[in-house]
Amino acid sequence: MHGTVERPVVEGLWQSRTAGDIVLASTPPYMLGGWLPMGIPLIGALLEQDGITSRVVRFQDAPSNPPPQIVDLVYDTLYRDPSIDSRLSRIRQIADGDGEFFNLILTRLLAGPERVFGLSAWRMNADVTLEIARRLKEQRPDALVIVGGPEASEGTSDFFQDWIDVVVWGSAESVVVSVIRAMLDRRPGEAAAWTNVWVNPKHARADRSPLPPPEQPPIPRIDYTTLVPLQVGAANPSLPLMLNLGCPFRCGFCPNTTIYPEMGWGSPQRVVDEMVEIMRIWAELHPPGEAPQIELQLCDAALNGNPGQFDQLCDAMIAADWPIRPSVGTLLVIDKRMTRERSERTIAAGLHHAFFGLESANPRLRRLMKKPGKKEEIAVALRVCRDAGFDRSLGMGIIVGWPDETEEEFYETVEFLDWSLGLGVINSVTVTPLIRTPGMMDPTLMEGAAGEARGLLWQMPTPGGSPNVRARRVFHAIDHFRGLVPVSSSIPHEIIAKSMLNPGTEVFWDGWHARNTVDDAGAARQLVANASGDAKDDANPLVETMASETDSTADGGVVTPPHAAQDAHVANGNGGIHGEPVDVHVSERTLVGRGESIVLRLDRTPGALGFARVGDHALSYIGSDIPAPLRTVVLSVGRVVRELPTAPDAADEAWGAIARIVENLAPDINLVD
C-alpha cells in the first residue's frame, strides 16, 4: 500500500502530523537510548484502532545534548536516592536558568490544538518530564496530562503532583484506550475505574470500586508511515520494534516483569512486515542508493526466549523481500538453545549482532539470580556460535556485587570471560555494579540492606555488600580487559569513583582517570590470533571441561533476559591501544567544548582496536573515561561512523567525516588539531 506513495526527501521533521487527538512524547535526556521508546508507537497503534489519532513529537535537535546541570541531576536520580522534593526544586532552578532547552520542548508540544498529552517517563527523563508537565499546564491550563512508562511503574508516587491528571502503571496497554477516551471526553474521573490508574483527586472520581485491568489486547500491527520520516537527517536513525510484550522470565534483579506482569505473545510475521515497511519507506525518502543505514531495535528482553517462535522470526526475515537490508540490534540468550542450525539461521537473518547478559558465571549465583542455563551450557553455545560464524558480534554484560558474591565467585566470572574472549565472538564487555531498584523481581534480594533505598550505595554485611568493594571490582574488570576488547561500565566511571569508593583515595583515582593507558600489544595480537583460529581451544583446559559436560545439540530450556543496561555495549568504553603515537599510522584530534576535552585517536596499525572503525582506522579515545558533558557526543560519533555509507581510508578524510558528524550532533563542540 505504501510502496506507491511518492515522498519527497525531507529534513528536520519533528512531528508525525500537524494535529491529532492526543500528543505522545518522551522528553529528553535520552542518554544512550533513542528518542522514541517502544511504548509510544504501541500505544499509538492501540488508540488508532479505536479511531483516536496521535501526534508524535520528537525533540532530537537541541535537546539531544542537554545542559550539563541536567546531566548531573540525571546521574543523581539514576544512581542515588534524592527525595522527590529536592529533585523538583533542582529541576525548577535549572529550567529557570536555562530557558532554551525547555522552551523548545514546550513549543513543540504545544504547536497543535490538542488538549490531552501523554508523556512516557523513564528514570533518566523523569525530572524533566515532571517540570515540562508543570510548565505545560501553566501555558495551557485546560490541558490534561497523563504519565506512563517504566518509571510510572517503579516511582509511581513521584508523579502524584497537582499538575498531573492521570498516572498509569504496570501493563497500560489493556486500559489505555478507555483512559484516553475518558480524558478526551473531559471526564478524567472515569479513568479511576482501574486499579493501575491514579487520577488526581481534584477530578471527580467514578462512583464505583476500581477493577483489576483487563487482559492485554493482541499486539496490533503498527503503522510506521508517519514515524519513519522523523528519522531523516538524524545522526543515529533508529526505530524500535517488538515481537512480544513483556518477558517470560523472573530474574531477581530485573524490574521487567514488575512493569509487565503478564506475557503477551506476538506474531513473527507481523514484526517482519513492519520492518519491511520501514525499510521501503526509508528507501523512498532518499535518492536511489543514498539511504543511510537505519537501525531497527528489537526491544524484546529475550528475543529467542521461545526457540520455536524465534525460528519463525528468522525464517520470515530470511524470506522477506527487503528494499534495503536494515541493521538490527537485539538481545539474545546464549545457552543450549543456540544449536548449530539455529546459530546459522540467526546469522542468515541478520540477528547475530546482539547483546547477551551473562551477569555471573558462578553456578550458585546464577541460581540465586534465577538465570537458567549452566555455565557449561553457555560455554558450549559460545563455541557453537563461533563455529557458525558469529565474528565479534556479541556484546556481553556482567553484574558485579551480588550481595553475597565472594572474591572467588567474582574471579570465576572474570576467568570465564578470559576464555570467552579467546573465541573471537565477543566484541565488548559491560561491567555494572548491582543497582538497587524498587522493582526488583526478588523481594528478598535487598532484605535488611542499609544505606540508600535506591541506586548504588546500598550496604549489607556480606562479601559484596560494600559499595567500596563493588566499585573496586568494576575497575579491576575494566583494567583487566582493556586493550583486548572495548570494556567499561554502563555507569560513568567518575560517578562510581566519587560515590562508591571510600574517602581518602581521591588522588589515586584522579590519576587513574587522567593517565593514558598503554595496553599490551602482544596480548592484543594474541586475541586476534585466537579469533582467527590460529590458536587452539584445547590450549585452555577450561574449554575441554565445559565441552565434555554438555550436549551442544540440546534444545529447549528456559532462559532469562540480559541486564537492563543493554545499550551500554554500543561504543561505550576505552577501545584501542593508547599511548604516544608511534608512527604515521596514528593520528589524534582533540574534542573540545562544554568546559571539557578528550583526545580521539585514529590508528591504522594492523590489529588496532577501538570502539568503532572509520575505513581502515580504529577510532579510540585517550584516557580511562569520557568526561560526562562530552559522553553523549562521543558515543554518538561511535555509532554514526559505523553507519557511514562509504568509509574513507585516508586519515584526513576520516577526520573530516568525524568533524562533520560532531558539527551536526553538537555545534557547541569542536574537533581541533
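The values are calculated or read from the model by the stated rules, or taken from the named source; none is laboratory data. In this text the structure is predicted, and so the values were computed from the model without any measurement. Ideal geometry is used to build each Cβ from the backbone, glycine not excepted, and the neighbour counts take in all protein chains shown.
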### Task
For residues that are of a type in the set (S, T, N, Q) and either surrounded by 24 or more Cβ atoms within 10 Å (Cβ to Cβ) or free of Cβ contacts under 8 Å to residues at least 12 places away in the same chain (or both), tally how many sit in segment 334-359.
1
### Task
Please indicate, with yes or no, whether at least one residue in segment 221-231 is touching a residue at least 12 places away in the same chain (Cβ under 8 Å), part of a loop (DSSP other than H, G, I, E, B), aliphatic (A, V, I, L, M) and buried (at least 17 other Cβ atoms within 10 Å of the Cβ).
yes
### Query
Only one of these conditions is not met by GLN297: (1) assigned to a loop (DSSP other than H, G, I, E, B); (2) touching a strand residue (DSSP E or B) at 6+ places or on another chain (Cβ under 6 Å). Which number is it?
(1)
### Task
For ILE598, work out the one condition from (1) modelled with pLDDT of 80 or more; (2) within 30 Å of THR339 (Cα to Cα) it doesn't fulfil.
(2)
### Yes/no for GLY20 being of a type in the set (Gly, Ala, Ser), modelled with pLDDT under 95, surrounded by 19 or more Cβ atoms within 10 Å (Cβ to Cβ) and out of contact with any helix residue (DSSP H, G or I) (no Cβ under 8 Å at 6 or more places or on another chain)
no
### Task
Look at GLU408 and say whether it is without any contact (Cβ under 8 Å) to a residue 24 or more places away in the chain, surrounded by fewer than 17 Cβ atoms within 10 Å (Cβ to Cβ), charged (D, E, K, R) and assigned by TED's automatic domain parsing to the domain that holds PHE355.
yes
### Query
Just wondering, is there one or more residues in segment 69-90 that are part of a helix (DSSP H, G or I), surrounded by fewer than 20 Cβ atoms within 10 Å (Cβ to Cβ), at pLDDT 95 or above and in contact with a Phe, Trp or Tyr (Cβ under 6 Å, 6 or more places away or on another chain)?
no
### Query
In segment 132-182, how many are in contact with a Pro (Cβ under 8 Å, 6 or more places away or on another chain), surrounded by fewer than 23 Cβ atoms within 10 Å (Cβ to Cβ), hydroxyl-bearing (Ser, Thr, Tyr) and more than 15 Å from LEU42 (Cα to Cα)?
0
### Message
Suppose we filter ARG454, ARG473 for residues that are among the charged types (D, E, K, R), at pLDDT 90 or above, over 12 Å from TYR79 (Cβ atoms) and in contact with a strand residue (DSSP E or B) (Cβ under 8 Å, 6 or more places away or on another chain); which single one remains?
### Response
ARG473
### Task
Check GLY401, GLY424 and return the single one that is modelled with pLDDT under 95, in contact with a Lys or Arg (Cβ under 8 Å, 6 or more places away or on another chain) and farther than 24 Å from PRO443 by Cβ.
GLY424
### Message
Which count do you get for residues in segment 478-510 that are of a type in the set (A, V, I, L, M, F, W, C), more than 20 Å from TYR79 (Cα to Cα) and in a helix (DSSP H, G or I)?
### Response
3
#### Entry: Single residue of ALA319, ALA301, ALA348 found to be within 16 Å of ARG270 (Cβ to Cβ) and of a type outside the set (Ser, Thr, Tyr)
ALA319
